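Structure first, then comments.
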Amino acid sequence: MAAEPLDSYIDAVALALALPVEEAWRPAVRANLEVSLRLARLVDEFPLPDETEPATIYSA
């Protein structure tokens, strides 16, 4: 059984996608998920007024 929630998530996603995850890759996969979740929290916590509309045109 995995010790951490992210380890359980990695196991579940790897199983669902039939994607082998080598043990040597786990620290890098976990680090990537930790950064992604930290960035997602920043976006999720950013307050937006109710009348905010999505942009009609996206450009980079």
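Is it true that some residue in the stretch 34-53 is open to solvent by less than 100 Å² (accessible area, probe 1.4 Å) and assigned to a loop (DSSP other than H, G, I, E, B)?
yes
Can you find a residue that is part of a helix (DSSP H, G or I), open to solvent by less than 90 Å² (accessible area, probe 1.4 Å) and in contact with a helix residue (DSSP H, G or I) (Cβ under 6 Å, 6 or more places away or on another chain) anywhere in the stretch 9-23?
We begin by selecting, within the stretch 9-23, every residue part of a helix (DSSP H, G or I); these are 9-17, 23.
So of that shortlist, the ones also open to solvent by less than 90 Å² (accessible area, probe 1.4 Å) come out as 10-14, 16.
After this cut, where a residue has to be in contact with a helix residue (DSSP H, G or I) (Cβ under 6 Å, 6 or more places away or on another chain) as well, the list is 10.
Checking the stretch 9-23: at least one residue is part of a helix (DSSP H, G or I), open to solvent by less than 90 Å² (accessible area, probe 1.4 Å) and in contact with a helix residue (DSSP H, G or I) (Cβ under 6 Å, 6 or more places away or on another chain).
Can you pull out the residues in the stretch 30-60 that are over 10 Å from the mean Cα position of the chain (by Cα) and among the β-branched types (Val, Ile, Thr)?
Selection gives Val43, Thr52, Thr56, Ile57.
The values are calculated or read from the model by the stated rules, or taken from the named source; none is laboratory data. Only a predicted model underlies this, so the values are computations on that prediction, with no experimental measurement involved. Here Cβ is always computed from backbone atoms with ideal geometry, including for glycine, and neighbour counts include all displayed protein chains. Heavy atoms of the whole protein, side chains included, go into the accessibility calculation; ligands, DNA and RNA do not. Shrake-Rupley method; radii C 1.70, N 1.55, O 1.52, S 1.80 Å.
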